[in-house]
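To start, the structure under review is shown below, and the notes come after it.
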Amino acid sequence: MQAFDYVAAKSLSEAVDLLTKYRDQARILGGGTDLIVQVRENRRPVGVMVDIKGVPEVNTLSYNGSLEIGASVPCYKIYSNREVKSKFPALVDATSIIGGVQIQSRASVGGNLCNASPAADSIPVLIVLGAQCAIEGPSGERSIAVEDFCTAPGQTVLESNELLVKLVIPTPAPNASSFYLRFIPRNEMDIAVVGAGAAVELSADHQTFVSARIALGAVAPTPLFAAAASSVLAGKPVSDESIEEACEAAKGIATPISDMRGTAAQRTHLVGVLTRRALNGAINRIKEGN
Amino acid sequence: MASGNGYKVVGTRPIRHDGVDKVTGHAKYGADLNFPDMLFGKILRSPHAHAKIVSIDVSRALAHPGVKDIVTSKDLPTLSENILADDKVFYKGHAIVGLAAVDVHTAEEALSLIDIEYEVLPAVTDVAKAIREDSVVLHQSLTTNTLGEKTGKPTNIGSHVRHQNGDVEAGFAEADVVVERTFTTQTVHQGYIEPITATAKYNPDGELTVWTSTQGAFNVRQQVAGILDRPASKVKVVPLEIGGGFGGKTTVYVAPVAALLAMRTGQIVKMTMTRDEVFEGTGPAPATLIRLKMGATKDGRITAADTDLFYEGGAYPGSAVGAGANCMFAAYKIPNLKIDGFDVVVNKPSSHAYRAPGAPNSAFAAECVIDEICQKLDLDPLEFRMINGAKEGDRNPIGPRHGKIGYLETVEAAQTHDHYQVEVGNGKLRGRGVASGYWGNGAGRSSVNLTVNQDGTIMLLEGSTDIGGTRTSIAMQAAEVLGIAAEDVRPAVVDTNSIGETGVTGGSRTTHATGLVAIRAAESVIEQMKEKLADHWEVNLNQVDFSDGTFLNSDNQISFKEAARICSPVVGSVTESTTGAGGAFGTHVVDVEVDEDTGKVEVLRYTAVQDVGTAIHPSYAEGQIQGGAVQGIGWALSEEYVYDQKGQMVNASFLDYRMPTSYDTPMVETVMVEVPNPGHPFGVRGVGEVPLVPPLAAIANAVSRAIGVRMTHLPMNPVSVLKALNKI
Amino acid sequence: MSRKAHVQTQINGENVEFLCEPRQSMLEVLRDELDLTGAKEGCNNGNCGACTIIVDGRPVDSCCMLGVEAEGKEVQTIEGVATPEGLHPLQQKFLEHAALQCGICTPGFIMNSKALLEENSNPTEKEVRFWLAGNLCRCTGYDKIVRAVLDAAEITRANH
């Protein structure tokens, strides 16, 4: 591994100062499960590793009208959290399948987002839940919708002197729930071939879609918010036909590639399959009162 | 607790002798050594699948602080191209330069400072392309050796062998159904979790010590001595505990380079591969292309088989096509047969042994075609095997007569098993597949040294490195002869200076061959003790008996322990080139469910039946069967070397070389039938390799029956299943 | 080459200090600096679990953690699992069930299983298999490992 310096930042301002001083040479270390491997494989150079796990603001996990997830909160804390389990089940779906248990002890949703893999499991969930990203830089705070955060594989809107502080997720409406699943060749430990997240709000009698948000992973350079597929469901009855309409719309925006993890044809096909399963998963959760 | 067949120790399940060390982290494996002032070695490997090396400049690397020495092929006394390339590289990952530095990170930095100029050549990584007239040729010096004669024309086909019996055309004419299919299997790796490693030290007195994880310390000694042009007696190989081998660690990769660097620097050098180096720099199992035509009568008798086997040797000839041919039809009586086997080079790492090398590939073809014949004839596939199955005295269709074998017993056990009795279930795409398989098993040279201590315990020194519990199964065999508890035997795997020559722990030979010499050593010790007791009791030797752990004459009776106090030290030292191995068969039953929307195959239930001769330690025999079956699941469904257009492997990592996890597999039920091998005093048959022979076809047959489409290419990953289902 | 960091941590209940370069992983520190070679390198990228240790009660791939991150943490390795009183139920059951063949994956499995049983003392077979999916074994096919963990869970429940 290349040599680098290591600093454990103790405050948010210290972290920002270090980023401002070292710019492209600095890398934020959270759980490190992507970054350490990338540095070892010479895929991301680093001069100074800035460990933010000691910065209080990136470690908070709280619910107070909205869910706030500090950027460095590890997956296992997220899927064990009572509010997350009851109100944001798709977050449980995603965080419990990122790597194995050992990875989940350290890997964070913030890190998953900043790593900006097109196949990241948590990003479609953040999109469908309407998450906002709180970013801190030398000139202060800014906020951006999560679907605008990733710009290309491995690239985000963050300037080199900015860091992601937390994700803020609004409380879902009543009669709403969410679901995430992915397709992988084995049953665990693989990168998603296709990922699909859905957040659905139904009418009080559960017969009609009030709204839906659908997001896809691994079928474009960044995780995608499937706007057309989402809006097509508003006001439609909960039925196989409506769902198929959404699936076809979702397939329409996917631009997958063929690589060692899957073929473009397979991925397009799976968009339809997984969108259907994600929508049904969310609907069943609403009907079962979860 | 005695076992069922009258033995006191054989057939029981004692805790393995090395167990406590292994569950507490104290066992020392190959890379666990740390010495003061140790250097770390690294190897620079070719980034190209096929290239000429135009020039190598190591000056910048040598100048890097902390780098102590750098070597290339010209520094090896004996040219050994796969260890360090000569003037051409034949696969991405081909070793070119070795270096030693003060720590592993410095060594890694130095690699990037080596400047090599290549002339990149077109590469061929597909056996179907490599056999064509217009293919890129790897070695100008390689001409086909076909049926014993050389053609004189450079080619990628290293050898062509043929087995022939009867008249296949007549046999096909006699058949009521003929099935002809072409099969392909992919390149797969043994997947041992512990990477290749060796640590070397050169003593000023001229002795070279190599600590390594290996399946054959004497192999390492011979290869290192040969390559470095040293006398074998001056190379000491110390085998540490080994983290998996499956055939892949029966040869050397880094040991000669570490040794060379140790000789030149005068310091200890440790060299350990990274995981991607293991994939790209060691020998995987060959990919294959197999065309097979078989015919049978409507009452289920096989009349003929005609097959071409093309096996990839990788960069150099030497694939296991011969063993593949030998095992392919061993379970059956086939009157008319023609097998043509071709060993083909391609720009991939030089292939090496993987658990019954060659046999899983050919069994995949044979057992799938048999299944298709059964479907066409509407015959139960296990019943078909009872009709055609071989027993003692029948010939393996390629020639040799079977001795006492237990094939039909495995089929019967599968037929009567609860798994085969229950419905596979419907409503979804479910299917059940069966398949059989054979492996010949090995014997050969082993040595042990057995010492009786004064307290009646035994030191048992052996040269067989222990990859799966053999030191215990061998100790149990000695204990059985001596009438003592397995726990009273203290087995130790020792270095090549301390024991007579011993063949590899591979070929399923160890429990048979090393067990045999341990039995002989125990018997020798008993004879010596009888002599000493005759003196002690002042009787004639022929008045002293040993039975059931007791020495006795008409007036006296003492236990082995009491006799030990009187007689020790007593030493039994045996070296023998053993024979008498018994071949073994397995029959597997697998149920799968296919998700028709995603193409994913789930293995629902797995039952593996195998003739183990006599299970010395049933738990470890079961373990071999279960481990092989799960490797088969990975080979059938998810593992493969993926190559890009330039012939470079793109998935050299456990992330994308997908081996089954605990969440991917069901419990594997094992049924061990015991048809004792007459060639071994306790009836032992090798168990380790047979288990990987049936699974590929068993799973393929299950998937084929589940989706109604015959699967002939591995792996049956979701993309291939979706295509078979016409979904994409 | 950057200066070495001085790290103070606790390993298997003992206070430990070491020097390491920031680029040395916790796995390298354990194996190369502290001679705790029980944790193994299988892949060095978080895909095989052979390097699993427990940090502040959670199972972690030590190859995906820097040595400097151990500062102020409580670390458990395989060497600290058995006590002078004897083997941990997991170690005992692995031996009884023959849940190891070559044994290279065993320390990682025992550490990860220990973390599982401390979190959930009554896991189902499916829960065991899911939790252990981050540990690769090539020898056993997992059958006996899963049985050993379920058996050890029973002992753990009986002891409490």
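Just so it is clear, none of the values below were taken in a lab; they were calculated from the coordinates. Note that the coordinates shown come from a computational prediction; the quantities given were computed from them, not determined experimentally. Heads up, the Cβs are rebuilt from the backbone with ideal geometry, glycines too, and the neighbour counts pull from every protein chain shown.
Just a few scattered comments:
- Percent RCO, i.e. relative contact order, over region C:33-106, from Cα pairs under 8 Å lying at least 6 residues apart: 27
- Cross-link partners of residue B:236 among aspartates and glutamates (Cα-Cα below 14 Å; sequence separation of 8 or more within a chain): B:205, B:207, B:495, B:501
- Counted charge near residue B:476, where neighbours are those whose Cβ lies closer than 12 Å (Asp, Glu -1; Lys, Arg +1): +1
- Between residue B:556 and residue B:134, the C-beta separation translates, for a Förster distance of 60 Å, into a calculated FRET efficiency of about 0.10.
- For chain A, a Gaussian network of Cα nodes joined below 10 Å ranks A:153, A:89, A:223 by mean-square fluctuation, and the top entry is A:153.
- Relative contact order [Cα under 8 Å, 6+ residues apart], region B:532-594, whole percent: 19
- In Hz, Karplus ³J(HN,Hα) per residue of region B:157-172 (6.51, -1.76, 1.60; θ = phi - 60°; x = Gly, Pro): 9, x, 8, 9, 10, 9, 10, 8, 8, x, 9, 5, 5, 4, x, 5
- Shown for B:88, B:42: other C-beta atoms within 10 Å of each C-beta, ranked fewest to most, produce the order B:88, B:42.
- Sequence-distant residues sharing a close amide H with residue B:402 (under 5 Å, placed H): B:393, B:394, B:395, B:396
- Summary of the geometry: region B:286-322 and region C:111-137, compared by the centres of their Cα atoms, lie 43 Å apart.
- Cα shape, region C:15-160, gyration tensor, a/c 1.5 rule: prolate
- With each label modelled as a point 7 angstrom along the Cα→C-beta vector, the residue C:119-residue B:524 pair spans 5.5 nm.
- Taking amide H as placed 1.01 Å from N in the peptide plane, the amide H of residue A:26 sits under 5 Å from that of A:47, A:48, each at least 5 places away or on another chain.
- By the helix-only formula, in which each DSSP H run with n ≥ 4 contributes -39500 (n - 2.57) and the sum is divided by residues, chain B has a 222 nm mean residue ellipticity of -8000 deg cm²/dmol.
- Karplus-derived 3J(HN,Hα), 6.51/-1.76/1.60, for each residue of region B:637-644, Hz, glycine and proline x: 10, 9, 8, 5, 7, 9, 10, 8
- Between residue B:713 and residue A:159, the FRET efficiency from the beta-carbon distance, with R0 = 51 Å, is close to 0.55.
- Taking the number of Cβ atoms within 10 Å of each Cβ as an exposure proxy, the fewest-first ranking of B:181, B:445 is B:181, B:445.
- For residue B:665, residues with placed amide H under 5 Å, excluding near neighbours: none
- Under Karplus coefficients 6.51, -1.76 and 1.60, residue-wise ³J(HN,Hα) of region A:41-57 in Hz, glycine/proline x: 8, 6, 9, 9, x, 8, x, 10, 8, 9, 7, 9, 5, x, 8, x, 5
- Counting, for every residue in C:25-32, the Cβ atoms of other protein chains within 10 Å of its Cβ and taking the mean gives 2.
- Under the simplified labelling scheme, the residue B:74-residue A:210 pair shows an inter-label distance of 7.9 nm, with each label point 7 Å from Cα along Cα→Cβ.
- The order of A:168, B:58, B:210, B:448, going from fewest to most other C-beta atoms within 10 Å of their C-beta, is A:168, B:58, B:210, B:448.
- Of A:24, A:51, A:205, the residue with the greatest mean-square motion in the GNM of chain A, using alpha carbon springs below 10 Å, is A:205.
- Relative contact order, percent, region A:176-287 [alpha-carbon distance under 8 Å, six or more residues apart]: 30
- If a spin label sat at a point 7 angstrom from the Cα of residue A:14 along the line to its beta carbon, the backbone N atoms of region C:1-44 nearer than 17 Å would be those of C:5-8.
- C-alpha center-to-center spacing [region B:25-53, region A:231-279] in angstrom: 47
- Förster radius 22 Å - calculated FRET efficiency between residue A:60 and residue C:73 (Cβ-Cβ, nearest 0.05): 0.65
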